[in-house]
Amino acid sequence: MQVDLGNVLDTASAHGVSRETLERLDGRVADAHERIEQGREDNEHGYEALNLPSTTDPDAIREAVSRFDDPNAVITVGIGGSALGAATLTDALDSDVDAYYLDNVDPEAVASLLDSLDLSQTVVNVVSRSGTTAETLANFLVVREAMADAGVDWADRTFVTTGEEGNLRDLAEKHDLPLLPVPDGVPGRFSVLSTVGLAAAAICGHDIEAILDGAAAQEARLSDSLFDSPAYAYGAVSFALAERGMLQNAMMPYAESLETFSEWFAQLWAESLGKDGLGQTPLRALGATDQHSQLQLYRAGPRDKLVTLVRATERDDVAIPETDLDGLAYLGGSSLSELLDAEFEATEASLVAADRPNVRIELERVDEYGLGELLYAMEAACVLYGELANVDTFVQPAVEWGKRAARGLLGGGDFEEADAVADKERLVVE
Ligand SMILES: O=P(O)(O)OC[C@H]1O[C@H](O)[C@H](O)[C@@H](O)[C@@H]1O
């Protein structure tokens, strides 16, 4: 995996950063790296996530899921960090086992998914670090009932990934469900390389060791200089650009298989860095599709965006057939991959021509190893950015406020946050 910073330099784009600025920043990267390494060594909350390539036991995960013979499908019931990592992996990789995610409580979507599946051939993976998230527990109760109604022994087809305590743990123990532990000290959005993210991939038959190997390769590249580490290069430059007003970061992979990756990145970046009036708003885009919609804004709208373009340098290709139409002759004999690359490079050039900084991230391939590299590098980039911005990367009090309010509204406890809901101002126009 490599990160190309050429288009963020002020020699490419007038609103970019100078090499001198990057060199000055590199001194701060060295200090931040030292702090991160200390946090990892002391197994501090959050920093521990960067140790997962060596602390995760892939055999234990495989062993836990091996009790389910030949499922057709796996439903992961979880939300946020308890769903997006697994979804990023299974959506990016091909498998004969279909992976679904119940990460919302839209009744129509839940009912439609459950109606469409043969539940006797489906495995249910319930994931919640806290074991108390209302959406996850509610969806699980619905799934469990649907299985029972279909004459399926739900307890036989369910496993749980959760922490040491919480309602989900109690429920799993009561029904003697197989349990995978979530690692201590790893917030959900940093947990893709643990039981939380890898179990669904293991059920789908993906090579979870290769995912960890890819992550380990990027772990080995962390160093005290942004010029030696793709992860730190990305984190440091994103921070430097945010300081210059690029307060939005459009994550734009040129691979449909990475569409969910942008969602995962959005949680990582928003929940970790959006604090104390600071942060960089992640935007989700997909190349080449969004070249024909959002690119207008990225190139000509407010000068507040970093665009991150991601592509694989190797991919399976499809030839474009020759045609006798003169106007289309330029396409014939070429391939969809060549067209996609041309679109990618044209987007970069068009942004630079309008003085809009952008970063290129290239993987060799969207496979297990490449995904491991990409996900680990983005996590390390985020941790570095958090150090440089001096925010508490690993907490999410703003999200928890809303969780308490919703629980209070449903009668799940006495939470003062719920009172604020009743105080809503109204100015209704009909
Ligand atoms: O894993 P859980 O405890 O169910 O939490 C699921 C999600 O809940 C909240 O929204 C947190 O802010 C997220 O970071 C977390 O990933």
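Quick notes on this structure:
- Every condition in (1) in a helix (DSSP H, G or I); (2) closer than 23 Å to LEU258 by Cβ; (3) within 16 Å of the ligand (Cβ to nearest atom) is met by ASN104 except one, and the failing one is (1).
- The one condition in (1) touching a Gly at 6+ places or on another chain (Cβ under 6 Å); (2) aromatic (Phe, Trp, Tyr); (3) under 24 Å from GLN38 (Cβ atoms) that TYR254 fails to fulfil: (3)
Yes/no per residue for (1) over 18 Å from LEU306 (Cβ atoms); (2) outside any helix (DSSP H, G or I); (3) over 14 Å from the mean Cα position of the chain (by Cα):
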{"site": "MET252", "(1), (2), (3)": "no, yes, no"}
{"site": "LEU258", "(1), (2), (3)": "no, no, no"}
{"site": "SER272", "(1), (2), (3)": "no, no, no"}
{"site": "GLY277", "(1), (2), (3)": "yes, yes, yes"}
{"site": "LEU283", "(1), (2), (3)": "no, yes, no"}
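- Subset of the range 218-244 that is touching an Asp or Glu at 6+ places or on another chain (Cβ under 6 Å) and either among the aliphatic types (A, V, I, L, M) or outside any helix (DSSP H, G or I) (or both) - its residue that is nearest to LEU371 (Cα to Cα): LEU226
- Checked against (1) within 16 Å of the ligand (Cβ to nearest atom); (2) surrounded by fewer than 18 Cβ atoms within 10 Å (Cβ to Cβ); (3) not polar (S, T, N, Q), LEU193 passes all but condition (2).
- Matching residues in the range 338-363 - criterion: being over 25 Å from the mean Cα position of the chain (by Cα) and farther than 19 Å from LEU247 by Cα: GLU338, LEU339, ALA342, ALA346, ALA349, SER350, ALA353
- Test result for THR308, surrounded by fewer than 18 Cβ atoms within 10 Å (Cβ to Cβ), among the β-branched types (Val, Ile, Thr) and closer than 28 Å to ALA86 by Cα: no
- Residue among ILE320, ILE361 that alone is modelled with pLDDT under 95 and surrounded by 14 or more Cβ atoms within 10 Å (Cβ to Cβ): ILE320
- Test: GLY327 is modelled with pLDDT under 95, surrounded by fewer than 21 Cβ atoms within 10 Å (Cβ to Cβ) and of a type in the set (Gly, Ala, Ser): yes
- Where a residue in the range 237-249 is crowded, with 22+ Cβ neighbours inside 10 Å and its partner, wherever it lies, is part of a loop (DSSP other than H, G, I, E, B) and at pLDDT 95 or above, with Cβ under 7 Å and at least six apart: VAL237/LEU5; SER238/GLN280; LEU241/PRO357; ALA242/GLN280; MET246/ASP304; MET246/PRO357; ASN249/GLN280
- Residue in the range 77-98 that is away from the ligand (no atom under 16 Å from the Cβ) and at pLDDT below 95 present: no
- Restricting the search to strands (runs of 3 or more DSSP E) fully inside the range 120-183 and requiring at least 3 residues that are more than 13 Å from the ligand (Cβ to nearest atom), surrounded by 15 or more Cβ atoms within 10 Å (Cβ to Cβ) and free of Cβ contacts under 8 Å to residues at least 40 places away in the same chain gives an empty result.
- Considering the range 67-110, and only residues there that are aromatic (Phe, Trp, Tyr) and in contact with a Ser or Thr (Cβ under 8 Å, 6 or more places away or on another chain), the residue that is surrounded by the most Cβ atoms within 10 Å (Cβ to Cβ) turns out to be TYR101.
- Total residues in the range 197-226, condition in contact with a strand residue (DSSP E or B) (Cβ under 6 Å, 6 or more places away or on another chain) and either closer than 23 Å to GLU400 by Cα or surrounded by fewer than 24 Cβ atoms within 10 Å (Cβ to Cβ) (or both): 1
- For the range 340-430, the helices (runs of 4 or more DSSP H) that sit wholly inside it and include 1 or more residues that are touching a residue at least 24 places away in the same chain (Cβ under 8 Å), within 16 Å of the ligand (Cβ to nearest atom) and of a type in the set (Lys, Arg) are 397-409.
- Exclusive hit being touching a residue at least 40 places away in the same chain (Cβ under 8 Å), assigned by TED's automatic domain parsing to the domain that holds GLU373 and surrounded by fewer than 21 Cβ atoms within 10 Å (Cβ to Cβ), set LEU286, LEU278, LEU297: LEU278
- In the range 45-76, the residues that are within 16 Å of the ligand (Cβ to nearest atom) and in the same structural domain as VAL127 (by TED's automatic domain parsing): ILE75, THR76
The values are calculated or read from the model by the stated rules, or taken from the named source; none is laboratory data. Just so you know, these numbers come straight off a predicted model, no measurement behind them. With ideal geometry, Cβ positions are generated from the backbone for all residues, glycine too; neighbour counts draw on all protein chains shown.
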